[in-house]
Amino acid sequence: MMHIIYCIPSLYNSGGMERILTVKANYMAEHFGWNISIITTCQKGRPSFYSISEKIKLYDIDIDYETIHEARMIRKISLRHQARKKHFKRLSDLLCKLHPDIVVSMFTHEATFLYKIKDGSKKVLEFHFSKEYRSLDTLYNNKGLAKTIIDSFLNWRDSQLPKKYDKFVVLTHEDAKAWGELKSMSVIYNPITLHRSIQTVKKFHQLLAVGRLCPQKGFDLLINSWALIPKSDRQGWSIKIIGSGPYQEKLQSQIESMNLHDSISIIPPTSDIENEYAKSEIFCFSSRYEGAGLVLIEALGLGLPAISFDCPCGPSEIIDNNRTGFIVPMGNIALFAEYITKLISSDSLRKEMGRNAEKQINEKFQLDRIMSQWKDLFETLII
């Protein structure tokens, strides 16, 4: 029986990486009958946000990277160095005890040293961002000179890591091109994780957006687009943003200052996200950059037409432009608003695009199909 171990900081968050990992791990344990383990660094006894099969073994090695972020720059460097040494020792000891066939890093803390651990396993690096995410994060978060220099170094370091692993997996062909020619690289899409189980839910004239409340997700751009639409044209329609994060107060202030509080609401993450998709009529994807856009796949797969900025990476490989939704040049809020108006004014167009989306996405990103690709990859590694 194959033994696969995944490494991730924690499972208590509602993020896309946590959702995808639990879906894949559950599938491998239940359908392939493999021995699956997940090693976290800072779970701290908190429950997983997503359900995990009882067949999966969970380990936490208690490395508190979370509090390091609050320290000053020099102190942060020292604390991170100490944490990494402790992490290496505890992870090494555990892997040598468990003797897995394959260990997968989600390109988080252990990515810088996992390949050095001599436990006899093959090492796989799985990338859930876009290659230029650090540069884009620096650009959109207005970081100072010191952080910009550090990010440049980290970008260079990250670019070297895939060469040290037995396999490197990215989520889109667009991102694969950014990494260049790497013999070890494969492209495997994220699977659709939700399937229509709610058949008769009352639809509201509602546009839905989902994600962490931070500059990356571009909800400020979505709010600005909505403000460009005459009130008479959006009468009876509203936007629901589902998420939490550091920009919640800033986004709420933007909504209030534009007098949009009667038509835009922000609510906390929910484990019943399928119900929110079912109640909505249009999905808005306003990200400035992404790894792939799991929520976009989910929304389209559940029959919602989508409007998305053409950000790196994902939307251009997920949306069939003018057939399942609309792709907008990055930052063009006027065109984004135009497409919103086009969809809210035509019930027939929404339904036609929704039908197209549901059929196309459930074929291209089908869970069985994606998991078959992972099975082939892992079996090839241990032959």
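Within the stretch 349-372, the residues that satisfy the criterion of being in contact (Cβ under 8 Å) with a residue 12 or more places away in the chain and either surrounded by fewer than 16 Cβ atoms within 10 Å (Cβ to Cβ) or not in a helix (DSSP H, G or I) (or both) are Leu349, Arg355, Phe365, Gln366, Arg369.
Of all the residues in the stretch 314-348, those that are under 20 Å from Ala278 (Cα atoms), part of a helix (DSSP H, G or I) and open to solvent by 40 Å² or more (accessible area, probe 1.4 Å) number 2.
For every residue, the table says whether it meets (1) assigned to a loop (DSSP other than H, G, I, E, B); (2) farther than 27 Å from Gly301 by Cβ; (3) of a type in the set (S, T, N, Q).
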position: Asn155; (1), (2), (3): no, yes, yes
position: Gln160; (1), (2), (3): no, yes, yes
position: Ser186; (1), (2), (3): no, no, yes
position: Pro191; (1), (2), (3): yes, no, no
position: Val201; (1), (2), (3): yes, no, no
position: Leu208; (1), (2), (3): no, no, no
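Given the condition touching a strand residue (DSSP E or B) at 6+ places or on another chain (Cβ under 9 Å) and open to solvent by 60 Å² or more (accessible area, probe 1.4 Å), answer yes or no: does some residue in the stretch 135-156 qualify? There is no residue in the stretch 135-156 that is touching a strand residue (DSSP E or B) at 6+ places or on another chain (Cβ under 9 Å) and open to solvent by 60 Å² or more (accessible area, probe 1.4 Å). Residues in the stretch 251-270 that are surrounded by 11 or more Cβ atoms within 10 Å (Cβ to Cβ), touching a residue at least 12 places away in the same chain (Cβ under 8 Å) and over 12 Å from Leu207 (Cβ atoms): Leu251, Gln252, Gln254, Ile255, Met258, Leu260, Ile266, Ile267, Pro269, Thr270. I'd like the full set of residues that are open to solvent by less than 30 Å² (accessible area, probe 1.4 Å) and among the small types (Gly, Ala, Ser), limited to the stretch 1-53. Those that are open to solvent by less than 30 Å² (accessible area, probe 1.4 Å) and among the small types (Gly, Ala, Ser): Ser10, Gly15, Ala25, Ala29, Ser37, Ser53. One residue is enough: does the stretch 106-117 have a residue meeting the conditions under 30 Å from Asp272 (Cβ atoms), of a type in the set (A, V, I, L, M) and out of contact with any helix residue (DSSP H, G or I) (no Cβ under 8 Å at 6 or more places or on another chain)? The answer is no, given that none of the residues of the stretch 106-117 is under 30 Å from Asp272 (Cβ atoms), of a type in the set (A, V, I, L, M) and out of contact with any helix residue (DSSP H, G or I) (no Cβ under 8 Å at 6 or more places or on another chain). Taking first residues from the stretch 174-197 that are without any contact (Cβ under 8 Å) to a residue 12 or more places away in the chain and partners that are of a type in the set (A, V, I, L, M) and open to solvent by less than 30 Å² (accessible area, probe 1.4 Å), the Cβ contacts under 8 Å between residues at least 6 apart in sequence or on separate chains come to Ala176/Val170. For the stretch 114-132, a residue qualifies if it is open to solvent by less than 10 Å² (accessible area, probe 1.4 Å) and either among the small types (Gly, Ala, Ser) or assigned to a loop (DSSP other than H, G, I, E, B) (or both), and the qualifying residues are Ile117, Phe127, Ser130. Filtering Ile223, Ile229, Ile188 for residues that are under 22 Å from Ala357 (Cα atoms) and either under 18 Å from the mean Cα position of the chain (by Cα) or of a type in the set (A, V, I, L, M) (or both) leaves a single hit, Ile188. Would it be correct to say that Ala292 is touching a residue at least 24 places away in the same chain (Cβ under 8 Å) and assigned to a helix (DSSP H, G or I)? Considered against the rule, which asks whether it is touching a residue at least 24 places away in the same chain (Cβ under 8 Å) and assigned to a helix (DSSP H, G or I), Ala292 comes out as no. Quick check, is Cys284 part of a strand (DSSP E or B) and either modelled with pLDDT under 95 or within 22 Å of Asn224 (Cβ to Cβ) (or both)? Considered against the rule, which asks whether it is part of a strand (DSSP E or B) and either modelled with pLDDT under 95 or within 22 Å of Asn224 (Cβ to Cβ) (or both), Cys284 comes out as yes. State which residue is nearest to Met371 (Cα to Cα) when the search covers only the stretch 162-209 and only residues that are open to solvent by 40 Å² or more (accessible area, probe 1.4 Å) and of a type in the set (Asp, Glu). Looking at residues that are open to solvent by 40 Å² or more (accessible area, probe 1.4 Å) and of a type in the set (Asp, Glu), I get Asp166.
Residues in the stretch 220-249 that are assigned to a helix (DSSP H, G or I) and touching a residue at least 12 places away in the same chain (Cβ under 8 Å): Asp220, Leu221, Leu222, Ile223, Asn224, Ser225, Trp226, Ala227, Leu228, Gln248.
The values are calculated or read from the model by the stated rules, or taken from the named source; none is laboratory data. As the structure is a prediction and not an experimental result, all values here were calculated from the model. Reconstructed Cβ throughout: ideal geometry from the backbone, glycine too, with neighbour counts over all protein chains shown. Quick note on the areas: whole protein, heavy atoms, side chains included, nothing else; ligands and nucleic acids left out. Shrake-Rupley method; radii C 1.70, N 1.55, O 1.52, S 1.80 Å.
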